[in-house]
1. If you roll a 1.4 Å probe over the stretch 96-238 with all protein chains in place, what percent of the accessible area is carbon or sulfur?
2. At 37 °C and 0.692 mPa s, what whole-number value in µm²/s does Stokes-Einstein give for the translational diffusion of the stretch 176-239, with Rh from the Kirkwood sum over Cα pairs?
3. Using only the Cα atoms of the stretch 162-281, each taken as one equal point scatterer with no solvent, compute I(q) by the Debye sum, divide by I(0), and report log10 of the ratio at q = 0.21 Å⁻¹.
4. Determine, from the Cβ-Cβ distance of F226 and A411 and an R0 of 35 Å, the FRET efficiency 1/(1 + (r/R0)^6), rounded to the nearest 0.05.
5. In whole Å, what is the distance between the alpha-carbon centres of the stretch 287-344 and the stretch 153-206?
6. Say R0 is 22 Å: what FRET efficiency, to the nearest 0.05, do K113 and E145 get from their beta-carbon distance?
7. Using square roots of five times the C-alpha gyration tensor eigenvalues, list the equivalent-ellipsoid semi-axes of the stretch 213-362 in whole Å, biggest first.
8. What spacing in nm lies between the two simple spin-label points modelled at S257 and D404, each 7 Å away from Cα in the Cβ direction?
Amino acid sequence: MAGVIVGLASSARSKAGIWMKAQNRFSMLSTNSATVATHSAKCSSLIQHSFRRFSSSSKLNINMAPKKVCIVGSGNWGSAIARLVGFNAERLPGRFEKNVSMWVFEEEVDGRKLTEIINTDHENVKYLPGRTLPKNIIAIPDIAEAAADADFLIFVLPHQFIKRACAPLIGKLKPGATGLSLVKGFAILPGGGIKLISDLISEEMGIPVSVLMGANLANEVADEKFCETTIGARDSEVGSDLKLLFQTENFRVTVVSDTQTVEICGALKNIVACAAGFCDGLKMGDNTKAATIRLGLKEMMKYGDTFYPGGNASTYFESCGVADLITTCYGGRNRRVSEAFVTRKKSIVDLETEMLNGQKLQGPETAAEVNYVLAAKGLEAEFPLFTAVHKICIGELQPEKLLDSLKNHPAHQ
């Protein structure tokens, strides 16, 4: 606000100076009427130009006021992202407000509130232990308070909780606010079927929503290991702002306008990661796992072409596509739990509880959501890998049957 006032004052002084020069110039003119008329017109034009500059600069200063950022979610990925966003918000004071609010689902850890621990010790000891959060990350347990007056809302929480968690924000967001979804998965429609999370947030909140997806294992991002990511933003100015907010020396950002493809990659790769985990649990070897990843990518692309036509095939070769698929199939939680599903003979639900420290597994639920759509449209046979993963997760197929979906895949016909 101070910057706006200074800009207005400066423009006013500039305008006054131009007016004084115009008056002096006018008083020195000869009495020749033609000359007076000519110089009078020039003065009028000069003054009008001054007013236009004053109006334009005032608007520019208001539009360039630092933007407030709110992170909606504080799990493993949300806390890792908070390290990036907090760092950039502090080093770019002309673009973003220094303090970044982070909505934290309140819980107790060793007798202390998690928000208190984050705000005093600057560490999310439950979901990102051992990594310091920037001091300008402010944990807030009330979601409406955290999001108050925010220009950018970064949604990063399990897709199962989006609608319930964000209900208190409906009708309370700042006019002109923009959302960014880092949520990987689909929303289940009450009458059956699925919807992109970004569309759900946009419809519920009444704001435009961009997406960020990529080969970004949270702990590696938090440890500042080099990686890339993809932002899908239809508005190029919003894309530029988001790139500034996220990009660091070790977290490189590419912005594309193909938001739907970016988002479906982030959801579907978790199904393929489950298949990769089954391969590992069955000790099928690297060749079979590579075939699983390749065929999984083909099904991802076919799904995009079938249900979200008009996307750009090159988007699948950005970080959100093939890179995220590879890293998830080798290092992600969906792969890890799926391997244990084979070797430990326990249910997905039990393994999620034992292995994920309160985090949610996305692959099995996404597989169920996708299968509902495929079955309804009679397309299960065209997506044999997706179909097999779902049936293995719910106990209708033995993990060993995954190999049949690979051997008899339509890609080989």
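1. Numbers: 3150 of 6340 Å².
With neighbouring chains kept in place, the figure for the stretch 96-238 is 50 percent.
2. Details: Rh = 13.3 Å.
Rounded, D is 246 µm²/s.
3. Treating every Cα as an identical point scatterer, log10 I(q)/I(0) equals -1.26.
4. Values: r = 33 Å, r/R0 = 0.94.
Efficiency, rounded to the nearest 0.05: 0.60.
5. Taking the Cα centre of each part, the stretch 287-344 and the stretch 153-206 sit 24 Å apart.
6. It comes to 0.90.
7. Working: eigenvalues 158, 71, 35 Å².
Here the semi-axes work out to 28, 19, 13 Å.
8. Output for this residue pair reads 4.6 nm.
The values are calculated or read from the model by the stated rules, or taken from the named source; none is laboratory data. Owing to the predicted nature of the structure, the values given are computational and were not obtained by experimental measurement. As a convention, Cβ positions derive from the backbone with ideal geometry for all residues, glycine included, and neighbour counts pool all protein chains shown. Please note that ligands, DNA and RNA were not included when accessible areas were found on the heavy atoms of the full protein model with its side chains. Shrake-Rupley method; radii C 1.70, N 1.55, O 1.52, S 1.80 Å.
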